[in-house]
Amino acid sequence: MPPDTLFAKIARRELPAEIVYQDELVTAFRDIHPVAPIHVLIIPNKVIPTLNEATEEDTALLGKLLLTARKLAEQLGIAEGGYRLVLNCNPDGGQSVYHLHVHLLGGRKMTWPPG
Ligand code: 5GP
């Protein structure tokens, strides 16, 4: 069994967060320290610590994370202007919470390359 996580507790509503979408597979909520006017985290409800632990069985779930991001981008009004999706993996990738998540960032112009 993977360990319980902060984000799993948010998905189970045991910890407070501004949840903007939830279904049986995924949960999306506002980042507590937003780095853009729109900053939402999209997680699988089940714990996958990092992308390195994702398996072939998770193929549909990983696709669902992206399609949820796309729908939220539309709903939050950033689809046309544009947005960025980020998935950090392990320390060198900048990951700090070990429950796989996609950052949806928008509402300002992004720079490249990332830091
Ligand atoms: P990572 O660095 O792992 O890719 O991203 C983790 C993100 O989770 C960070 O942007 C951080 O601000 C956010 N975060 C950490 N703790 C909490 C929390 O308790 N609630 C919410 N809503 N976001 C959190």
How many of the residues making up region 39-51 are surrounded by fewer than 20 Cβ atoms within 10 Å (Cβ to Cβ) and out of contact with any Ser or Thr (no Cβ under 9 Å at 6 or more places or on another chain)?
4
Taking region 1-19 as the region of interest, how many residues are closer than 14 Å to V102 by Cβ and surrounded by fewer than 18 Cβ atoms within 10 Å (Cβ to Cβ)?
0
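Taking region 1-37, which residues are of a type in the set (S, T, Y) and away from the ligand (no atom under 13 Å from the Cβ)?
So in region 1-37, the residues of a type in the set (S, T, Y) come out as 5, 21, 27.
Of everything in region 1-37, just one residue is of a type in the set (S, T, Y) and away from the ligand (no atom under 13 Å from the Cβ), namely Y21.
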Just for region 93-115: of the residues that are open to solvent by 30 Å² or more (accessible area, probe 1.4 Å) and away from the ligand (no atom under 12 Å from the Cβ), which one is modelled with the lowest pLDDT?
G115
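Residue under question is L41, and the condition is that it be outside any loop (DSSP other than H, G, I, E, B), more than 15 Å from the ligand (Cβ to nearest atom) and touching a residue at least 12 places away in the same chain (Cβ under 8 Å); does it hold? Working first, answer last.
On the way: outside any loop (DSSP other than H, G, I, E, B): yes; more than 15 Å from the ligand (Cβ to nearest atom): no; touching a residue at least 12 places away in the same chain (Cβ under 8 Å): yes.
It is false that L41 is outside any loop (DSSP other than H, G, I, E, B), more than 15 Å from the ligand (Cβ to nearest atom) and touching a residue at least 12 places away in the same chain (Cβ under 8 Å).
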Just to be sure, is R84 closer than 15 Å to F29 by Cα and not polar (S, T, N, Q)?
no
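Looking for whichever is among the hydrophobic types (A, V, I, L, M, F, W, C) and in a loop (DSSP other than H, G, I, E, B) here; the options are I32, I10. Which one fits? Before the answer, list the steps.
Details: I10 fails: in a loop (DSSP other than H, G, I, E, B).
Going through I32, I10 in turn, the sole match is I32.
Go through T27, T59, T68, T55 for me and flag whichever is within 22 Å of N90 (Cα to Cα), of a type in the set (V, I, T) and either buried (at least 16 other Cβ atoms within 10 Å of the Cβ) or at pLDDT below 95 (or both).
Details: T59 fails: either buried (at least 16 other Cβ atoms within 10 Å of the Cβ) or at pLDDT below 95 (or both); T68 fails: within 22 Å of N90 (Cα to Cα); T55 fails: either buried (at least 16 other Cβ atoms within 10 Å of the Cβ) or at pLDDT below 95 (or both).
None of the others qualify; the one that does is T27.
Quick one: in region 71-92, which of the residues that are in a loop (DSSP other than H, G, I, E, B) and either more than 10 Å from the ligand (Cβ to nearest atom) or over 17 Å from H39 (Cβ atoms) (or both) is most open to solvent (accessible area, probe 1.4 Å)?
Taking region 71-92 and keeping what is in a loop (DSSP other than H, G, I, E, B), we get 76-82, 87-89.
Remaining after also requiring either more than 10 Å from the ligand (Cβ to nearest atom) or over 17 Å from H39 (Cβ atoms) (or both): 76-82, 89.
Details: L76: 50, G77: 64, I78: 14, A79: 44, E80: 186, G81: 83, G82: 30, C89: 39 Å².
Across region 71-92, the extreme among qualifying residues is E80.
The values are calculated or read from the model by the stated rules, or taken from the named source; none is laboratory data. Owing to the predicted nature of the structure, the values given are computational and were not obtained by experimental measurement. Note that each Cβ is placed from the backbone with ideal geometry, even for glycine, and that neighbours are counted across all protein chains shown. To get the accessible areas, we keep the full protein, side chains included, count just its heavy atoms, and leave off ligands, DNA and RNA. Shrake-Rupley method; radii C 1.70, N 1.55, O 1.52, S 1.80 Å.
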